[in-house]
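The values are calculated or read from the model by the stated rules, or taken from the named source; none is laboratory data. If you're wondering where the values come from, they're calculated on a predicted model, not measured in any experiment. FYI the Cβ positions are ideal-geometry reconstructions off the backbone, even for glycines, and counts take in every protein chain you see.
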Amino acid sequence: MESLYRQKYQDKKLSWLLEKAQEAFNRYIRKRDNNNPRKGFFTCISCGKVRDEKYLQAGHYMPAGSNAPVRFDEMNVHGQCVECNTYLHGNQEAYRRGLVRKYGEEAVEDLELKAKQMWKWSRPEIIAIITDYRAKVKEVNYD
């Protein structure tokens with residue numbers, strides 16, 4: 001099956017593949033973090049407010065465009081409300097506090113160091129991200 005995907009994506013531009021990988025990854029994050037006990041609601045990593053799932057976005061702590069090593073790192077991306085992600089430009093300070101509560105200071109510092117490394121995604125890595133996260137979306141269960 002994997003070789004079929006490799007053939008399917010082989011002639012696609014790298015920018016197109018990155019876009020599809022980001023879509024699959026973000027879909028997984030939104031599904032993963034839509035886990036509030038009140039069905040159809042989620043808790044924002046930054047502000048901590050319980051919001052309707054229609055306002056759920058996959059917010060990056062370290063922005064995807066300028067931090068390639070952590071673009072698809074699940075620890076770097078969490079459910080975030082539209083207000084924090086868009087209007088407050090990621091609400092970075094509050095996002096960091098949420099990460100520290102969830103993972104600890106040392107893990108967050110490691111993530112910040114990882115983001116500063118040089119990185120260039122290869123075609124096979126991006127194709128693997130697309131296929132892996134499309135499969136993961138199917139595995140996540142709301143119940």
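The residues of the range 69-120 include none that are basic (K, R), part of a helix (DSSP H, G or I) and under 13 Å from the mean Cα position of the chain (by Cα). Taking first residues from the range 106-130 that are hydrophobic (A, V, I, L, M, F, W, C) and partners that are surrounded by fewer than 13 Cβ atoms within 10 Å (Cβ to Cβ) and assigned to a loop (DSSP other than H, G, I, E, B), the Cβ contacts under 9 Å between residues at least 6 apart in sequence or on separate chains come to A115/S66; I127/Q10. Looking at the range 41-61, can you tell me whether even one residue there is out of contact with any Phe, Trp or Tyr (no Cβ under 7 Å at 6 or more places or on another chain), modelled with pLDDT of 95 or more and closer than 23 Å to K120 by Cβ? Among the residues of the range 41-61, at least one is out of contact with any Phe, Trp or Tyr (no Cβ under 7 Å at 6 or more places or on another chain), modelled with pLDDT of 95 or more and closer than 23 Å to K120 by Cβ, which makes the answer yes. Looking across the range 76-106, the residues that are of a type in the set (A, V, I, L, M, F, W, C) and closer than 13 Å to R30 by Cα come down to V77, C81, V82.
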